[in-house]
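The values are calculated or read from the model by the stated rules, or taken from the named source; none is laboratory data. What you see is a predicted model; the values in this text were computed from it and never measured. Ideal geometry is used to build each Cβ from the backbone, glycine not excepted, and the neighbour counts take in all protein chains shown.
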Amino acid sequence: MPYLFKLVGVSGTFDRLHRGHRFLLSKALEVGERIMVGLTSDEMCSGKQLSNKIEPFEVRRANLERFFKEMDAASRVEIITLNDPYGPAIEDSGLEAIVAGEDVAWRIEEINKIREKKGLQPLRLIVVELVKASDGKRISSTRIRKGEIDEEGCLKTLTSFSDQ
């Protein structure tokens with residue numbers, strides 16, 4: 001199957017590898033012959049909401065590796081540690097595109113401005129629509145950490161008093 005790009009990037013925290021993450025990563029596999037996954041470091045996660053509940057880096061990495069193995073694509077993927085919002089996207093001349101959710105697509109403009117100053121080609125942006133939970137709101141790791149939804153986007157229900 002011919003791919004649109006030789007090398008694409010995708011990045012994130014990938015905490016509680018949920019249906020939205022899997023959709024994003026699948027899109028990267030669809031358009032890129034090789035995939036560079038930037039996985040945020042534990043230090044970079046420290047400022048996120050409910051950061052104390054974010055899975056450790058090695059757990060998140062293992063979940064990504066398992067996903068790519070299940071997709072029979074592990075040989076096409078390199079997982080790197082991200083210590084800042086840009087990673088190699090601002091200096092890698094082999095990178096051709098970034099696959100990103102519509103909520104963070106704005107970051108690519110910043111990256112392309114930096115790349116331009118360095119004499120590098122701008123990256124193409126492949127925007128992926130956010131996956132919605134059963135309540136119509138986006139699936140997010142924060143919502144999962146809060147206990148609102150599960151990794152598939154199903155609402156978590158509490159036992160009501162009327163059931164007793």
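Residues in the stretch 50-89 that are among the aromatic types (Phe, Trp, Tyr) and more than 18 Å from Gly9 (Cβ to Cβ): 1 in all.
Here is a yes/no grid of residues against (1) without any contact (Cβ under 8 Å) to a residue 40 or more places away in the chain; (2) of a type outside the set (Gly, Ala, Ser); (3) surrounded by 16 or more Cβ atoms within 10 Å (Cβ to Cβ); (4) in contact with a Leu (Cβ under 9 Å, 6 or more places away or on another chain):
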{"site": "Lys48", "(1), (2), (3), (4)": "no, yes, yes, no"}
{"site": "Glu70", "(1), (2), (3), (4)": "yes, yes, no, no"}
{"site": "Ser75", "(1), (2), (3), (4)": "yes, no, no, no"}
{"site": "Thr81", "(1), (2), (3), (4)": "no, yes, no, yes"}
{"site": "Ile90", "(1), (2), (3), (4)": "yes, yes, yes, yes"}
{"site": "Ser93", "(1), (2), (3), (4)": "yes, no, no, yes"}
{"site": "Ala97", "(1), (2), (3), (4)": "no, no, yes, yes"}
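For the stretch 117-155, a residue qualifies if it is hydroxyl-bearing (Ser, Thr, Tyr) and exposed (fewer than 13 other Cβ atoms within 10 Å of the Cβ), and exactly one does: Ser134. Of all the residues in the stretch 45-66, those that are modelled with pLDDT of 95 or more and not charged (D, E, K, R) number 7. Looking at the stretch 84-124 only, could you name the residues that are of a type in the set (Lys, Arg) and in a loop (DSSP other than H, G, I, E, B)? Lys118, the sole residue that qualifies. Residues in the stretch 99-116 that are under 18 Å from Thr40 (Cβ atoms) and crowded, with 16+ Cβ neighbours inside 10 Å: 6 in all.
If you go through the stretch 23-64 and pick out every residue that is part of a helix (DSSP H, G or I) and either closer than 15 Å to Leu4 by Cβ or among the basic types (Lys, Arg) (or both), you end up with 9.
Within the stretch 15-25, does at least one residue satisfy the condition of being basic (Lys, Arg), within 15 Å of the chain's Cα centre (by Cα) and crowded, with 21+ Cβ neighbours inside 10 Å? Yes: one or more hits.
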